[in-house]
Amino acid sequence: MDAKEIIARRVAQEFKDGDAVNLGIGLPTMVPNFVEEGVELQLQSENGFMGIGPEPDEAHVDMDLVNAGGIPVTVVPGAAFFDSAASFGIIRGGHLDATVLGALQVDEEGNLANWMIPGKLVPGMGGAMDLVGGAKRVIVAMTHTAKGSPKILKKCTLPLTAAKKVSRIVTEMGVMDVTPQGLLLIEYNPEYTVEQIQAATEAKLTVSSQLKKMF
Amino acid sequence: MDKQISIEEAVAQVKDGMTVMIGGFLACGSPHRIIDALVQKGVKDLTIIANDTGFIDKGIGKLVVNGQVKKVVATHIGTNKETGRLMNEGKMEVVLVPQGTLAEQIRAAGAGLGGVLTPIGIGTPVAEGKDQLVIDGKTYLLEKPVKADIALIAGTKVDVKGNVFYREATQNFNPLMATAADLVIVEAGEVVEAGGIDPHLVMTPGLFVDYIVKA
């Protein structure tokens, strides 16, 4: 299992049947492949609908129906379309149970940076600031480091997407909760030791007394 | 009253230096025929307000690539490298706005409101230079209304009175922009007689629409 699949499989365990969830572009979109049977998610697409279905086969591609990454999708029975104000009312108004998205940096206070690298990469925040600011739970799903360089920091150095909003961080090495006392390691991938996980993390990890294996 | 005009009459309304809202989300639900005609006409120094700048060869991006845009107000520019290049070279001003904020700023302008108070952007570069208000203990940014000289939108089915029905994910910013410009032109996938759209299904009431162009 590669790192991305480990992360997606673990994030898929976060949800209960009927949860309304927005998944960011990339790794988070793999999550629905791994939710257990009996758990049906209501997936939101911030460009204006609830009820994202699977990608269509070539014969059924409809360019009026794309996800927030511009990729053709389908909708499930019971889906609903709306405009961008309603869509972000859902997001900002706290009507989503969770959002799952990647990060360039996240820190021990739950700050998140994922929308720009000054002077290098300025794609814009799109809906990310609203999603992180508005969803009931913000789950960061990302590889633990960027080619060995820590992404889980004491303090984010890049411009923030939102301050103090991250609830949980899931990486291929473990699962960490953001608490008022800092980051709490609650699960670990048994392929790594706790010492190795700490060594790959700039922020200090407190090990939960109930620490358990990810799988 | 029949609001239909020719494509030539439509682009004649757009003049150098104007502020123009263009509907669509990554070219889904954009008025493609009008954009192409604007590229051909070569109208310049435009300020474009839109969710994104599309792609270099599709949607709003064509106007950027053709050097017709002085300033962009958008939420995401990452799918059009030319926007980033022109921004970095100082040849085009880009203002990045959280997606939900842009939607509400446009809605506010159309609804006669003096602005919106949003928690999104607090603690990020978005908050710089903006007034903040504390309401019931929570801090909000004051974001001002955003309006335009012209809104160019796209509708799936439009009756001759200007009532619009949008299919699937093509609504996005279109119904909002229809309320927030001095002049509104809708590019219609299909034009039908008055009564050709069930009034229950009208998403943009015809009173907002000045002109209709067949796609």
Under a no-solvent Debye model with one identical scatterer per Cα of the range A:113-215, what's log10 I(q)/I(0) at q = 0.14, 0.21, 0.23 Å⁻¹? -0.57, -1.17, -1.32
Largest fluctuation, A:Lys151, A:Lys136, A:Lys120 only, Gaussian network model of chain A with Cα springs under 10 angstrom, belongs to A:Lys120
Which of the trypsin sites (Lys or Arg not before Pro) found in the range A:7-74 are loop residues per DSSP with 12 or fewer other Cβ atoms within 10 Å of their Cβ? A:Lys16
Low-density loop positions, GluC sites (Glu not before Pro), the range B:107-215 - DSSP coil, at most 14 other Cβ in 10 Å: B:Glu128, B:Glu193
With viscosity set to 1.567 mPa s and temperature to 4 °C, compute the Stokes-Einstein D of the range A:30-151, Rh being the Kirkwood radius across alpha carbon pairs; µm²/s, no decimals. 80 µm²/s
Using the charge dipole of chain B (Lys, Arg: +1 at Cβ; Asp, Glu: -1 at Cβ; taken about the Cα centre), state which of B:Asn66, B:Val158, B:Gln99 has its Cα farthest towards the positive end. B:Asn66
How much of the pair distance distribution for chain B lies past 32 Å, counting alpha-carbon pairs only, in percent? 17 percent
When 1/r is averaged over all different Cα pairs and the result inverted, which Kirkwood radius in Å belongs to the range B:124-170? 14.8 Å
Per DSSP H run of at least 4 residues, take -39500 (n - 2.57); add these up for chain B, divide by its residues and hand me the 222 nm value, nearest 500 deg cm²/dmol. -5500 deg cm²/dmol
Considering only DSSP beta bridges whose two residues both sit in chain B, what percent are antiparallel, to the nearest 5? 30 percent
In degrees, nearest 10, the alpha-carbon axis of helix B:32-41 is tilted away from the dominant principal axis of the alpha carbons of chain B by 80 degrees
Space enclosed by the convex hull of the alpha-carbon atoms of the range B:148-210, per residue, Å³: 66 Å³
Volume per residue of the C-alpha convex hull in the protein assembly as shown, rounded to whole Å³: 153 Å³
Would you please classify the overall shape of the range B:174-215 from the alpha carbon gyration tensor, given that a ≥ b ≥ c denote the square roots of the eigenvalues, rounded means a/c under 1.5, and beyond that prolate means a/b larger than b/c while oblate covers the rest? oblate
With the crude spin-label approximation of a point 7 Å out along Cα→Cβ, what separation in nm comes out for B:Glu190 versus A:Ile71? 3.1 nm
May I ask for log10 I(q)/I(0) of the range B:52-107 at q = 0.14, 0.29 Å⁻¹, from a Debye sum over the Cα atoms as equal point scatterers with solvent left out? -0.34, -1.15
Based on the alpha carbon coordinates of the range A:3-213, what radius of gyration and maximum Cα-Cα distance (Dmax) apply, in Å? 17.2, 53
Output the antiparallel fraction of DSSP beta bridges having both residues in the range A:3-213, as a percent to the nearest 5. 50 percent
Only Lys, Arg, Asp and Glu count, each charged at its Cβ (+1, +1, -1, -1), so figure out the dipole size of the protein assembly as shown about its Cα centre, rounded to 20 debye. 1240 debye
Using a basic spin-label model with each label point 7 Å from the Cα along Cα→Cβ, how many nm lie between B:Ile56 and A:Ser149? 2.6 nm
Once R0 is set to 30 Å, what does the formula 1/(1 + (r/R0)^6) return for the Cβ-Cβ distance between B:Lys138 and A:Thr206, expressed as a FRET efficiency to the nearest 0.05? 0.55
Förster-model FRET efficiency, 30 Å R0, B:Gln40 and B:Leu207, C-beta, rounded to 0.05: 0.45
In whole Hz, with x marking every Gly and Pro, tabulate ³J(HN,Hα) for the range A:23-32 from phi via Karplus 6.51 cos²θ - 1.76 cosθ + 1.60, θ = phi - 60°. 9, x, 6, x, 3, x, 5, 7, 4, x
Estimated dipole of the range A:88-139 in Debye, rounded to 20 [Cβ of Lys and Arg +1, of Asp and Glu -1, Cα centre]: 180 debye
What value in Å³ per residue do you get for the convex hull of the alpha-carbon atoms in the range B:13-65? 68 Å³
Within the protein assembly as shown, the percent of DSSP beta bridges that are antiparallel, given to the nearest 5, stands at 40 percent
Expected vector for the range A:161-176, Karplus 3J(HN,Hα) from phi with 6.51, -1.76, 1.60 and θ = phi - 60°, integer Hz, x for Gly and Pro, equals 7, 7, 9, 6, 10, 6, 9, 8, 10, 10, 10, 6, 9, x, 10, 10
When each of B:Lys44/B:Lys81; B:Lys3/B:Lys70; A:Lys154/B:Lys81 is checked by Cα-Cα distance, pairs over 22 Å: B:Lys3/B:Lys70; A:Lys154/B:Lys81
Separation of the A:Glu5 and B:Met1 label points, Cα + 7 Å toward Cβ, nm: 6.3 nm
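Only the coordinates and a few stated rules stand behind these numbers; no lab work does. Keep in mind that this is a model prediction, so the values were computed, not measured. Cβ atoms come from the backbone with ideal geometry, glycine included; neighbour counts cover every protein chain shown.
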